[in-house]
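Presented below is the structure to which this report refers.
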Amino acid sequence: MTTPLLEVSGLEMHFRTARGVAKVINGVDLRIEKGQVHGLVGESGSGKSVTARSILGILPQRAIEHRAGEIRYNGRDLTGLSEKQLRQDIRGRQIAMVFQDPMTALNPVMRIGRQLMLPIRQHQGLPRKEARAKALSLLGQVGIPDPESRLRSFPHELSGGQRQRIMIAIALACDPFLLIADEPTTALDVTVQAQILDLFDQLRKERDLAILLVSHDLGLIAERCDEVSVMYAGEVVERGRASEVFEHRRHPYTWLLEGARPRLEDPPHTRLNTIGGRPPNLLERPSGCAFRDRCPRVLEICGSVRPLLSAVDGTSSIACHNPMSAVEVDPGAGIGAQQSAPVRGTPA
Ligand SMILES: Nc1ncnc2c1ncn2[C@@H]1O[C@H](COP(=O)(O)OP(=O)(O)O)[C@@H](O)[C@H]1O
Ligand SMILES: [Mg+2]
């Protein structure tokens, strides 16, 4: 097997908090190939952002109580690198990140041109004139009209979608090979969201860019990604080809996650259908399966034995003692149906 662009194995990340140690990431594996779009999906608090930030080493170092695992980029383990090495060799040049809210990531009192040229000049040492030409070209690539005048704009003069395009241009400034996009479209309306996701598709084709796309929206991930990893309580509980995972949804959590998704055909102000129960207390992680208290298919074994991610068929893997079989799932089932997730076997 060839060396993947990024390979995360056995990642664990526990944080000190005022109330004890929060076991936030508990053995995450990820593998992303060059030019591939990998989706990381899960409900809020499942550990998606901490996983994403671990890759770039941008976590509150002082709060880390325990960490384990490897993060290999082109075969090189990033976990051993110093802050200085990460800054010089990795961040921006190899791996860049785009966040959910571009308004907080952009400097409100600095013109777009300056914010865009800063990384180009710092990392690539280009003289001013060439940096400016590159900034203009980047704005064109991310679909900003009239780039010349946009260089002189301040962030508040732009729409939310345009600000996110600027953030993507900044992320691309040093020609990275992997882009980590953490809920990049969550703050945007549906039409603009689709445009930004189209832009990712285009960049990936033009630059052979790999993308780790983080979202709580399984449908979006299924549409836009090659592979998907479904996270719950800091673990990957289902993984496979995005289309396959979405179609079959073998893990009961994945099944419920799709039911929780807002749909275009829903009338406005429909209450978001969230999964019943609460995410597990990360301070006192239960033995066995972390999803068992909320699972409609729970068995006795789920209380004592932690299910490990294992291959089911084709390219999918799941961590579940009582997965749904493909025939049980009605892919057309929408909101409301999720409360009566079909139960097979005898619940404990
Ligand atoms: N520095 C930290 N200290 C303590 N707990 C944290 C820290 N960072 C994140 N967490 C907790 O870890 C869990 C996962 O967080 P996060 O990765 O942001 O979730 P997601 O992005 O999937 O919504 C949350 O319960 C969050 O409160
Ligand atoms: Mg997050």
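Couple of notes before you dig in:
- DSSP bridge orientation in the stretch 6-231 - percent antiparallel, rounded to nearest 5: 50 percent
- Prolate/oblate/rounded label for the stretch 6-231 (Cα gyration tensor, a/c 1.5): prolate
- Neighbour counts of C-beta atoms inside 10 Å place Glu206, Glu244 in the sequence Glu206, Glu244, starting with the fewest.
- Counting other Cβ atoms within 10 Å as a rough exposure proxy, the listed residues Ser316, Ser54, Ser149 run Ser149, Ser316, Ser54 from fewest neighbours to most.
- For the chain, the residue among Gly35, Leu308, Pro296 whose Cα projects farthest onto the positive side of the dipole built from Cβ charges is Gly35.
- For the chain, Cys with no neighbouring Cys Cβ under 4.7 Å: Cys174, Cys225, Cys295, Cys320
- Mean Cα-pair separation over length for the chain, i.e. relative contact order, pairs under 8 Å, 6 or more apart, %: 20 percent
- Whole-Å distance, taken between Cα centres, linking the stretch 100-114 and the stretch 272-310: 40 Å
- Here Ile168, Ile301 are placed in order of increasing Cβ neighbour count within 10 Å, fewest first, which gives Ile301, Ile168.
- Extension gain for Ser9-Ile301 works out to 102.5 nm (0.36 nm per residue, less the C-alpha to C-alpha distance).
- Label sites at Gln85 and Asp146, each approximated as a point 7 angstrom past Cα along Cα to Cβ, lie 4.8 nm apart.
- Each part reduced to its alpha carbon centroid, the stretch 61-90 and the stretch 143-186 end up 27 Å apart.
- Acute angle (nearest 10 degrees) that the helix 160-172 long axis makes with the longest principal axis of the chain, alpha-carbon atoms: 80 degrees
- Residues of the stretch 103-130 falling in the label zone of Cys174, defined by backbone nitrogen less than 11 Å from a point 7 Å along Cα to beta-carbon, are 119-125.
A short reminder: the numbers here are calculations on the coordinates, not readings from a lab. Just so we're clear, the structure is a prediction, and the values are computed from it rather than from any experiment. Neighbour counts are summed over all protein chains in view; Cβ atoms, including those assigned to glycine, are modelled from backbone coordinates with ideal geometry.
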